[in-house]
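Following: one structure in structure tokens, then a few remarks.
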Ligand SMILES: [Zn+2]
């Protein structure tokens with residue numbers, strides 16, 4: 001997978017987050033931190049999100065088998 005394809009994948013994750021509304025107030029979430037967690041040897045893209053209205057938090061997890069450390073470093077450069 002190229003970085004460009006991975007960026008598109010991340011954008012699709014963000015659209016899932018944008019389409020999810022807060023269970024408490026119905027507000028929109030925004031992504032606060034993106035990290036990679038390895039669960040049983042499989043990388044997951046873990047996105048900590050915060051409700052923009054009431055501040056409640058929600059963690060989104062996305063299956064991301066193509067991630068490794070080098071890829072993640074490149075993505076962080078692209079996001080900055
Ligand atoms: Zn809320």
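None of the figures in this text is laboratory data; all of them are computed from the coordinates on show. Owing to the predicted nature of the structure, the values given are computational and were not obtained by experimental measurement. All Cβ positions, even for glycine, are placed from backbone atoms using ideal geometry, and neighbour counts span all protein chains on display.
Can you give the percent of C-alpha pairs in the chain whose distance is more than 19 Å? Counting pairs separated by more than 19 Å, the tail of P(r) holds 38 percent.
Residues of the range 11-41 with an amide N closer than 17 Å to a point placed 7 Å from the Cα of residue 54 along the Cα-to-Cβ direction: 20-30. Starting from the Cα of residue 1, move 7 Å in the Cα-to-Cβ direction to define the label point; list residues of the range 24-55 whose amide nitrogen is under 11 Å from there. The answer is 43-45, whose backbone nitrogens lie closer than 11 Å to the label point. If one takes the longest principal axis of the Cα atoms in the chain, at what angle in degrees, from 0 to 90 and to the nearest 10, does the Cα axis of helix 3-19 lie? Taking the Cα atoms of the chain, the angle to 3-19 is about 10 degrees. Of the residues 13, 61, 33, the one that moves most in a GNM of the chain with alpha-carbon contacts below 10 Å is 33.
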